[in-house]
Amino acid sequence: MTTLEQQAGERLDKIRAQELARYLLELGLAEAGRVVYQDREYLNLAGNDYLGLAADRDLVAAFYNQLNEQTLLARFGPGATGSRLMTGNHEVNRELEEGLSRLYAPGRVLVFNSGYHANIGILPALAKKGDLILADKLCHASLIDGMRLSRARVVRYPHLDYERLATLLAEKRKHYGQVFIVTESIFSMDGDTTDLGRLARLKEKFQAVLYVDEAHAVGLRGRQGLGLAEEQGVMDTVDLLVGTFGKAWAGQGAFVICSQVLREYLLNTSRSFIFTTGLPPVSLSWLLFVLEKIPEMTRQRRQVRQLADGLRTGLQEHGLQTGGSSHIVPVLIGAADFAVRVADTLRTQGFWVTAVRPPTVPAGTARLRLSLTAVMDWENLAPLPRLIAEAMEMRA
Ligand code: PLP
């Protein structure tokens, strides 16, 4: 009989042989969009600190300047002490939800511990046997896990294929109770954007429920940085809008904007909301602190956009295959091992780039995922297209 360790070991060997192994590396935060690894600084093109807030020393210092005898526990406490429904709901929870409510929709905000918690908790609570979920093929793993945990039937439509989605709705709508259309607004691995207006029209036409994960768009898109739904003028039509705090907000947690009834229902039934310790006061206070600033960060939003436009143009000029239209810029490489070799070469040149490989992306589409932040300068990025092209030639 093989032991569990032997079994796991054999599976690990296979993962390693396919160049798909993952490792934990210890990185330090540095300013201006950089990270430190083993005493060397790199331009961080693999992070999600899109507005550059996580390593803004002045900002972080201003946050901790609020720390004093009086605020120590209520606003800087390190632990929530319980689930939000038990002893873990504090004044900072209410203040954060009220603050988000003022920006998004009065009384219709519920904060979760992370985007992963939100996505694995919302669909299973709402989508039941006899319901149908129609999800974009490239939806994030957390959404996929949420679908798996629900009892609804799941059909994944080809990425951004609205015609196919319309056909599915026309064929299937009448056979199901509720139908959920699930998408990201900016796709995390391709950097392309959804036409939410089109989905909103389909949702209205077929009386479906529209669920949009804005993890990569909050902070960056829309006049006030509320996300792509704000930019495309469809905030009122999205039934469930999920935003996360771990990326542009440089914190931890997530929120959903929905109707008051759904908010009440989710806090009663969503297992990943109920059965977990709430976020600590110190994390919530940071989010409250950042909340005041994000709507004003127009200059940073413009900077990220300009950097991304410049980089895409440069990549195309060097014959590289890219796509999308956001601050996430993919460079398609193909085979997983080739992508790893190219990323390694770029690292030796001071760029922290990771190869995104299956199962995160479909087989044969391994890529570099370059994510940009508002604190980078064009001078930092300008050499990159040439260096990638050279690395591909050299390591082919
Ligand atoms: N949704 C999308 C589209 C994501 O890319 C991610 C994070 O990688 C998540 C949800 C999960 O968010 P969190 O990191 O807050 O758990």
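The values are calculated or read from the model by the stated rules, or taken from the named source; none is laboratory data. Here the structure is a predicted model, which is why all the values come from computation and not from measurement. Backbone-built Cβ (ideal geometry, glycine too); neighbour counts: all protein chains shown. Side chains are part of the model used for accessible areas, which takes the heavy atoms of the whole protein and leaves out ligands, DNA and RNA. Shrake-Rupley method; radii C 1.70, N 1.55, O 1.52, S 1.80 Å.
For the reader, a short list of remarks on this structure follows.
- Values of log10 I(q)/I(0), in the order q = 0.16, 0.26 Å⁻¹, for the stretch 357-396 under a Debye, Cα-only, solvent-free model: -0.59, -0.94
- In this simple spin-label approximation, Arg386 and Asp344 carry label points 7 Å from Cα along the Cα→Cβ vector, and these lie 2.5 nm apart.
- Of Ser101, Ser150, Ser272, the one that fluctuates the most in a GNM where the chain has Cα springs shorter than 10 Å: Ser101
- Against the criterion of solvent-accessible heavy-atom surface with a 1.4 angstrom probe, Tyr162, Tyr23, Tyr265, Tyr116 sort, most first, into Tyr23, Tyr116, Tyr265, Tyr162.
- Figure note: Lys205, Lys293 ranked by solvent-accessible area, largest first, 1.4 Å probe, ligands and nucleic acids not counted: Lys205, Lys293.
- FRET E, pair Lys137, Leu25, Förster distance 22 Å, beta-carbon r, rounded to 0.05: 0.15
- Most mobile listed residue (His90, His117, His175) in the chain, GNM with C-alpha springs under 10 Å: His175
- Amide H to amide H, with H built 1.01 Å from N, Arg156 comes under 5 Å of Ala135, counting only residues 5 or more places away or on other chains.
- Contour minus Cα-Cα distance for Lys174 and Thr3 (0.36 nm per residue): 56.6 nm
- Of interest is the spacing of the C-alpha centroids, which for the stretch 27-79 and the stretch 305-351 amounts to 27 Å.
- Antiparallel content of DSSP bridges confined to the stretch 91-294, in %, to 5: 35 percent
- Mean separation of Cα contacts under 8 Å (6+ apart) over length of the chain, as relative contact order %: 21 percent
- Sum of side-chain charges, Ala166 neighbourhood, beta-carbon under 13 Å (Lys, Arg +1; Asp, Glu -1): +2
- Most mobile of Arg347, Arg312, Arg34 in a GNM of the chain (Cα contacts under 10 Å): Arg347
- Within the assembled protein chains, the solvent-accessible surface assigned to Thr2 is about 90 Å², based on a 1.4 Å probe.
- P(r) tail for the stretch 140-207: Cα pairs beyond 19 Å make up 35% of the total.
- When Phe289, Phe275, Phe112 are compared by accessible surface with a 1.4 Å probe, the order from highest to lowest is Phe275, Phe289, Phe112.
- Distance (nanometres) between label positions extended 7 Å along Cα→Cβ at Thr87 and Ala62: 3.6 nm
- Using the Cβ-Cβ distance between Tyr265 and Arg201 with R0 set to 45 Å, the FRET efficiency works out to roughly 0.95.
- Semi-axis lengths (Å, descending) of the ellipsoid that matches the C-alpha gyration tensor of the chain: 32, 28, 23
- Overall form of the stretch 1-104 per C-alpha gyration tensor (a/c, 1.5; a/b vs b/c): oblate
- Potential lengthening between Ser325 and Glu163 on full extension [0.36 nm per residue; Cα-Cα distance subtracted]: 56.2 nm
- Between the amide H of Asn44 and those of Arg34, Val35, Trp352, distances stay under 5 Å, these residues lying 5 or more places away or on another chain, with hydrogens modeled in the peptide plane.
- By DSSP, the beta bridges lying fully in the chain are antiparallel in about 60 percent of cases.
- Phi-based couplings in Hz for the stretch 358-375 (Karplus 6.51, -1.76, 1.60; Gly and Pro marked x): x, x, 4, 10, x, 3, x, 10, 4, 8, 8, 10, 9, 10, 9, 10, 5, 8
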